[in-house]
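Worksheet for the structure shown next.
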Amino acid sequence: MPPVRCPGPVNRREFLRIGSLALGGATLSEITAARAAAGAEHNDTAVILCYLHGGPSQLETYDLKPHAPVETRSVFSPISTVVPGMDICEYFPRQAKIADKFSLVRSLNHDIGIHSDGGIIVCTGKRPSVLDPTSQSKSEHPDLGSIVSRVRGRHRSGMPQYVASPSAFYFTRPTYLGVAQQPFVVGNPDSKNYAPPELKIAPQLEERGLDDRRSLLAQFDRFRSDLDLNEALVGTEDFRQQAFNLLTTPQVADAFDINQEPDTLRDRYGRNMWGQSFLLARRLAEAGTGVVSLMMNSPKSGPEFTNWDDHPGNAGRPGHFAGFMRTRLPYLDQALATLIEDIWDRGLNRRIMVVVVGEFGRTPRMRTGPPDNSIGRDHWPNAYSALISGGDLQMGRVVGATDSQAAHPVESPHSPQDLLATIYRHLGVDSSRQFVDYGGRAIAILPYGEPIAGLL
């Protein structure tokens with residue numbers, strides 16, 4: 001039998017327009033086959049991927065070099081943590097107090113200094129065949145979340161396996177796994193009267209009850225049948241069932257209801273997009289979601305905020321990048337430290353792994369540029385850091401080291417593939433497993449990479 005191919009993506013906006021039901025999963029047969037291939041039943045391990053979009057500076061976060069030349073050394077001072085020898089940025093005082101509950105990898109590296117393409121290799125483990133300097137490229141292979149969604153199938157509770165907050169990665173797509181494996185995008189949980197878009201039901205449907213929800217689904221099915229759909233959706237009955245579950249399953253609605261959390265805990269996380277996204281991520285991972293991706297640009301809007309792309313004049317705003325980082329870093333410190341504490345206090349640290357990483361690091365040497373002689377650091381994939389907490393790994397460790405200017409690894413270098421292999425190991429996914437792409441080729445989940453030995 002020839003391999004099943006997907007001719008191309010369906011316009012997701014059209015599905016969202018009809019009843020906001022465009023969340024799918026694999027077919028029942030696919031789920032059964034996936035579980036059989038894995039040789040094990042579904043498990044409840046999860047990963048929260050905190051993606052620092054733009055590429056955070058290793059020199060101003062987790063790999064400070066206070067004795068480097070002035071044009072290189074961090075603009076911030078290091079502070080000690082509860083782990084001897086593990087110094088981190090002075091703007092991370094809360095993390096410093098719980099450093100025994102996370103480990104740092106200071107020796108990550110690759111060779112792509114482009115936002116989208118760097119993000120693709122970090123989140124898929126695949127190098128783009130053609131690089132796009134404009135950072136508009138889209139992945140040719142599915143990312144971590146889509147892989148887990150396909151391998152695990154729909155969770156027994158009805159929870160989606162892949163959730164993105166507040167937005168999905170702009171550079172990845174489910175590709176040959178089909179649109180059913182795209183993330184369930186939940187928006188900004190810090191917004192007033194928050195409710196995920198796909199869980200919103202028109203008031204008239206609430207009043208008229210379940211029968212009319214079934215009627216809505218019937219209309220949705222008729223709409224689907226009238227479309228010239230690609231093979232990615234043909235025969236996916238589980239697509240319909242999961243949409244129905246999201247509308248009707250109390251456990252799912254409860255997991256997304258962040259208002260169930262006490263105000264004191266919400267305040268601890270921070271009343272901003274990052275803080276509330278972290279809190280929602282914990283709720284979803286605890287309830288059964290396999291991968292929660294957090295697209296972390298800036299915690300709030302305003303001229304004092306930029307993302308992590310700290311080159312001169314980021315977002316056209318003049319000034320020294322240190323000023324923007326001084327504004328941004330405390331939000332990360334508060335949200336991340338609270339998330340880690342919350343997971344450990346609940347005894348979830350073996351089930352849930354937290355990973356904090358960007359697409360690359362920043363240049364050792366600072367540079368002056370427009371507008372108004374602004375100061376910053378440029379893209380640098382040759383050395384960057386990641387923080388990992390939980391996942392039944394060794395905590396309180398520093399894995400790898402860079403040279404005196406944080407320019408290149410000099411001890412235990414690791415690739416993005418190694419980081420992904422570590423995550424897949426935790427999630428019980430065989431990274432050598434293959435899927436058939438559009439061209440009929442068998443493609444392994446990871447082309448290479450081994451779990452990071454220093455964390456095992």
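Every number in this text was worked out from the coordinates using simple rules, so none of it is lab data. Please read all numbers here as calculations on a predicted model, not as lab measurements. With ideal geometry, Cβ positions are generated from the backbone for all residues, glycine too; neighbour counts draw on all protein chains shown.
Six or more apart or on different chains, Cβ under 7 Å: which pairs go from a residue in segment 343-363 that's over 30 Å from His408 (Cα atoms) to one that's among the acidic types (Asp, Glu)? Could you list them?
Between residues of segment 343-363 that are over 30 Å from His408 (Cα atoms) and residues that are among the acidic types (Asp, Glu), the close pairs are Leu348/Glu286; Arg350/Asp392; Arg351/Asp44.
Residue pairs, Cβ under 6 Å, 6 or more apart or interchain, first in segment 164-186 and free of Cβ contacts under 8 Å to residues at least 24 places away in the same chain and at negative phi, second assigned to a strand (DSSP E or B) and of a type outside the set (Lys, Arg). List them.
Val185/Ala164
Which numbered condition trips up Val70, out of (1) of a type in the set (Val, Ile, Thr); (2) crowded, with 22+ Cβ neighbours inside 10 Å; (3) over 28 Å from Gly290 (Cα atoms)?
It fails just one condition, (2).
Considering only segment 329-350, I want to know if a residue exists there that is crowded, with 20+ Cβ neighbours inside 10 Å, of a type in the set (Gly, Ala, Ser) and assigned to a helix (DSSP H, G or I).
yes
Hey, does segment 73-87 have a residue that's surrounded by fewer than 24 Cβ atoms within 10 Å (Cβ to Cβ) and of a type in the set (Phe, Trp, Tyr)?
Yes - at least one qualifying residue is present in segment 73-87.
So, in segment 174-195, how many residues would count as being of a type outside the set (Val, Ile, Thr), surrounded by fewer than 22 Cβ atoms within 10 Å (Cβ to Cβ) and in contact with a helix residue (DSSP H, G or I) (Cβ under 8 Å, 6 or more places away or on another chain)?
Going through segment 174-195 one residue at a time, the tally reaches 4.
Conditions (1) among the polar types (S, T, N, Q); (2) buried (at least 21 other Cβ atoms within 10 Å of the Cβ); (3) in a helix (DSSP H, G or I), marked per residue:
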residue: Asp418; (1), (2), (3): no, yes, yes
residue: Ala421; (1), (2), (3): no, yes, yes
residue: Tyr424; (1), (2), (3): no, yes, yes
residue: Val429; (1), (2), (3): no, yes, no
residue: Ser432; (1), (2), (3): yes, no, no
residue: Gly439; (1), (2), (3): no, no, no
residue: Pro447; (1), (2), (3): no, no, no
residue: Glu450; (1), (2), (3): no, no, no
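All but one of (1) in a strand (DSSP E or B); (2) farther than 19 Å from Ile452 by Cα; (3) among the hydroxyl-bearing types (Ser, Thr, Tyr) hold for Ser107; state the number of the condition that does not hold.
With respect to (1) in a strand (DSSP E or B); (2) farther than 19 Å from Ile452 by Cα; (3) among the hydroxyl-bearing types (Ser, Thr, Tyr), Ser107 is out only on (2).
Being buried (at least 18 other Cβ atoms within 10 Å of the Cβ), without any contact (Cβ under 8 Å) to a residue 60 or more places away in the chain and touching a strand residue (DSSP E or B) at 6+ places or on another chain (Cβ under 7 Å), is that true of even one residue in segment 94-115?
Looking through segment 94-115, at least one residue is buried (at least 18 other Cβ atoms within 10 Å of the Cβ), without any contact (Cβ under 8 Å) to a residue 60 or more places away in the chain and touching a strand residue (DSSP E or B) at 6+ places or on another chain (Cβ under 7 Å).
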